[in-house]
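One structure is given below, encoded as structure tokens.
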Amino acid sequence: MNVVVEGADAGGKSTLCSIVSRALGVRVQQGSGPPREPGEIERRASEYLKMSGVIFDRHPCVSQPVYGMMRKEPLSPEFLQLVDRFYAQGNLIVFCRSTSIERHEVKADEKADHVAALERNFGLVTLTYEVWAMQRAHVIYRIGDDTQRIVDICRVVLQP
């Protein structure tokens, strides 16, 4: 089983992943951003579905439907099958709530057009994640919450 940390940009995902990783000695798999070529997102999702005992700082089976909508990228039937497999795995899903794009740190691999689209569509992305979280998230985290609570929950999932 894995822990999947998800949410819109600037919600504290990477910081929370680092805290849990250090506390439990578990590897973090960083998300790789938008697909750069056809079929890449399917390959990435398929690869991630084979991993176990990992903390995901974003998982394509969650983030691609949200950000792909923003970028107007349709989801392939193959990808939708991978999404079904992802949810069938029963991973612990931690939703990091984001309230402002102000905290977003632009990463080196983020292209200017993606950042501009994110800034324009931040409200829609945030709302889409909120609706998703009501249906799928097991734990909700907000910047400033007690991170030890999240560490303790993740310990139960990741350590025998």
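Would you work out which of Leu92, Phe79, Ala23 lies farthest towards the positive end of the dipole of the chain? Charges go on Cβ: Lys and Arg +1, Asp and Glu -1. The Cα lying farthest towards the positive end belongs to Ala23.
Within the stretch 89-134, report the GluC sites (Glu not before Pro) that DSSP leaves as loop and that have at most 14 other Cβ atoms within 10 Å.
Numbers: sites: Glu102, Glu105, Glu110, Glu119, Glu130; in loops: Glu105, Glu110.
Of the GluC sites (Glu not before Pro), the ones in loops of the stretch 89-134 whose Cβ has at most 14 other Cβ atoms within 10 Å are Glu105.
Counting every alpha-carbon pair across the stretch 1-137, the share separated by more than 25 Å comes to 21%.
Each residue in Ser18, Ser52, Ser63 was given a count of other beta-carbon atoms within 10 angstrom of its own, and listing them fewest first yields Ser52, Ser18, Ser63.
Give the relative contact order (percent, whole number) for the chain; include only Cα pairs under 8 Å separated by 6+ residues. It comes to 38 percent, rounded to a whole number. The distance from the alpha carbon centre of the stretch 97-122 to that of the stretch 1-72 is 16 Å, rounded to a whole number. Summarising the amide proton neighbourhood of Ala8: residues at separation of 5 or more, or on other chains, whose placed amide H is nearer than 5 Å comprise Ser98. Within straight-line reach of Lys13, meaning a Cα separation under 23 Å, sit the following lysines at least 8 residues removed in sequence or on another chain: Lys50, Lys107, Lys111.
Taking the Cα centre of the chain as origin and assigning +1 to Lys and Arg Cβ atoms and -1 to Asp and Glu Cβ atoms, the resulting dipole is close to 280 debye.
Quick note: the coordinates plus some simple rules give every number you see, no bench work behind them. Because the structure is predicted, anything quoted here is derived from the model rather than measured. All Cβ positions, glycine included, derive from the backbone under ideal geometry; neighbour counts span all protein chains shown.
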